[in-house]
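Everything on this sheet refers to the single structure shown next.
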Amino acid sequence: MNPAENGTARLHPKAWLVIALYALYATAESLCSVFVGVYFYINSLDFRVVCYHYLALYVVTPFVFTLAGWYAKTRDRTRVYRAGLVLHAVYYAMLLWLREDSARHPVALGVLLGVTWGFFWVGTNTFQYDFSLDGHGEYYIGLITSMSGAARMLGPLASGLIIGFAPVRQWGYQAVFGLALIIYLAAIALSLRIPHDTSPRPFHLRPALFPPRLHRDWRRILAASATLAGSSHIFDFVLALFMLLQTGSEINVGGFASWQALVAVTTAYLAGRWITPRTRTRAMRTGTALLLLAGLVIALRFDWWMLVLFGFLRSVSEPLFGIPHTGIRFDVMRRTAPPGDRIEYLCAWEWPLLIGRLFTMGMVIALYTWFNVDGLRAAIIIVSGYRIATYLCLRGISFVRDPGLLNAPPAP
């Protein structure tokens with residue numbers, strides 16, 4: 001067999017190194033991501049504390065993302081990526097140091113996490129884009145997706161069991177955050193093997209952030225970005241807190257998150273074999289309908305079983321909508337962005353997402369303040385309805401209306 005045909009020899013050694021680092025990241029985050037919000041809540045008993053933490057995170061991320069994108073493009077992307085790993089370690093070290101007092105500093109910790117996200121995701125997206133252009137993109141993305149899915153299925157349940165069986169609840173949280181810190185320290189050490197990239201390139205943000213009228217498809221992608229707020233991350237921490245309020249058990253919270261991941265990964269595998277440029281609209285329409293149905297479930301009744309049903313419908317909906325949406329977004333970038341300017345378009349996409357997140361988080365805080373848990377139910381119903389706007393934005397893109405245009409020359 002030709003070595004190039006052997007799966008283990010397809011990728012550059014640097015790509016395998018980045019894959020190993022992403023596996024460490026996915027493992028650490030799957031252990032903690034669901035439980036950070038829960039940790040703030042049990043130490044404050046105020047849902048708004050959790051919202052303030054994520055609100056600070058959302059505000060800071062696009063600013064740092066853009067700054068880190070500029071540095072990665074004009075200076076050294078390897079340093080940006082490594083800084084993201086170091087800051088992840090600092091974040092979990094702060095949670096360990098502050099312990100129960102973490103809930104007194106939600107904004108400061110949210111700012112720290114926003115800086116962390118900005119650096120880490122610029123580096124990660126840059127590497128992933130590079131290794132998707134060498135003729136083995138599907139193989140590389142497949143490995144990344146498989147590892148992320150496996151971590152999301154196993155990590156939350158493992159953390160829930162650690163916390164649930166700990167003699168003292170706080171000890172369980174400290175063990176989970178400590179384990180994440182150890183994993184990040186290992187990732188930092190491994191990242192030292194990535195060579196520096198010091199080839200300077202100009203940074204052109206303005207055309208991506210304020211596209212000319214001719215780039216109508218990219219304008220629609222930016223509009224769709226604003227409507228995505230809440231459909232993933234906000235849903236995750238709200239559902240985790242709902243499960244905690246319903247059951248009082250971190251084991252159930254972790255099991256619920258892992259079960260949703262199992263449904264989503266299974267759906268993604270099946271949908272990935274069916275969705276093509278010609279079936280994108282049908283897949284997105286089905287995903288939209290399922291998420292609206294999930295919102296109706298919460299509107300009709302709110303108990304443990306309805307929460308599980310909502311999680312199931314939402315987990316089926318997300319890949320059906322997310323897979324074609326991601327494909328459309330990258331196709332528009334490929335057709336619109338000048339060669340070498342993809343990172344500017346990734347930075348630009350974060351800004352309308354910020355606007356949507358600010359609006360949505362403000363709405364969540366207001367509804368909770370006025371109506372308590374019923375307000376959170378209303379927020380979930382409203383955010384589920386956002387999907388209609390996202391679908392309408394994407395459906396109007398030229399090659400979504402007519403898939404034959406996908407192979408036509410892009411606009412100048």
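Taking 7 Å along the Cα-to-C-beta vector as the label spot, tell me the Asn372-Ser232 distance in nanometres, rounded to one decimal.
3.4
Hydropathy first: keep DSSP H helices in the chain averaging at least 0.5 on Kyte-Doolittle, then drop any whose Cα extent along the axis falls short of 24 Å, and list what survives. Numbers along the way, then the final one.
Details: long enough: 13-44 (46 Å, 1.12); 47-71 (36 Å, 1.19); 77-98 (32 Å, 0.74); 106-131 (36 Å, 0.86); 137-165 (42 Å, 0.95); 169-191 (33 Å, 1.22); 250-274 (36 Å, 0.60); 280-300 (30 Å, 1.15); 304-336 (46 Å, 0.44); 342-371 (43 Å, 0.90); 373-395 (34 Å, 1.03).
Span-like helices here: 13-44, 47-71, 77-98, 106-131, 137-165, 169-191, 250-274, 280-300, 342-371, 373-395.
Express the Stokes-Einstein translational diffusion coefficient of the chain in µm² s⁻¹, to the nearest whole number, given a Kirkwood radius over alpha-carbon pairs, 25 °C and a viscosity of 0.890 mPa s.
Values: Rh = 22.1 Å.
D = 111 µm²/s.
Pick out which of Ala175, Ala72, Ala264 has the largest mean-square fluctuation in a Gaussian network model of the chain, springs linking Cα atoms closer than 10 Å.
Ala175
Going out from 0 in 5 Å bins, what whole percent of all Cα-Cα distances in region 211-406 drops into each bin?
Each 5 Å bin holds this share of Cα pairs: 1, 8, 15, 18, 18, 16, 11, 7, 4, 2, 0.
Calculated FRET efficiency, Leu296 and His196, Cβ-Cβ r, R0 41 Å, to nearest 0.05?
Details: r = 53 Å, r/R0 = 1.28.
After rounding to 0.05, the efficiency reads 0.20.
Using 0.36 nm per residue of separation minus the Cα-Cα distance, give me the extension gain between Asp76 and Tyr269 in nm, one decimal.
On the way: separation 193, 0.36 × 193 = 69.48 nm, distance 3.53 nm.
Gain on stretching Asp76 to Tyr269: 65.9 nm.
Under a plain spin-label model, where a point goes 7 Å from the Cα along Cα-to-Cβ, how far apart in nm are Leu214 and Lys14?
That separation, rounded to one decimal, is 3.3 nm.
Excluding Trp171 itself, what net charge comes from residues whose Cβ is under 14 Å from its Cβ, given Lys and Arg +1 and Asp and Glu -1?
Overall, the nearby charge balance is 0.
With a point put 7 Å past each Cα toward its Cβ, work out how far Ile381 is from Leu358 in nm, to one decimal.
That separation, rounded to one decimal, is 2.8 nm.
Fewest to most neighbouring Cβ within 10 Å: what's the order for Met284, Met94, Met153?
Details: Met284 25, Met94 17, Met153 20.
Arranged by neighbour count, lowest to highest, Met284, Met94, Met153 become Met94, Met153, Met284.
Output needed: percent of Cα pairs per 10 Å distance bin for region 184-264, bins running from 0 to the one holding the longest distance.
13, 20, 19, 30, 15, 1
For Thr247 and Trp171, calculate 0.36 nm times their separation in residues minus their Cα-Cα distance, and state this gained length in nm to one decimal.
Extra length from Thr247 to Trp171 when fully extended: 25.4 nm.
Sort Ser148, Ser159, Ser249 so that the residue with the fewest other Cβ atoms within 10 Å of its own Cβ comes first and the one with the most comes last. Intermediate results must be reported in sequence, preceding the final value.
Working: Ser148 19, Ser159 30, Ser249 15.
With the fewest neighbours first, Ser148, Ser159, Ser249 line up as Ser249, Ser148, Ser159.
FYI, it's all coordinate maths here, none of it is from the lab. From a predicted model like this one, the values you see are computed outputs, not experimental measurements. Because the Cβ atoms are built from the backbone with ideal geometry, glycine has one as well, and the counts that use them run over all protein chains shown.
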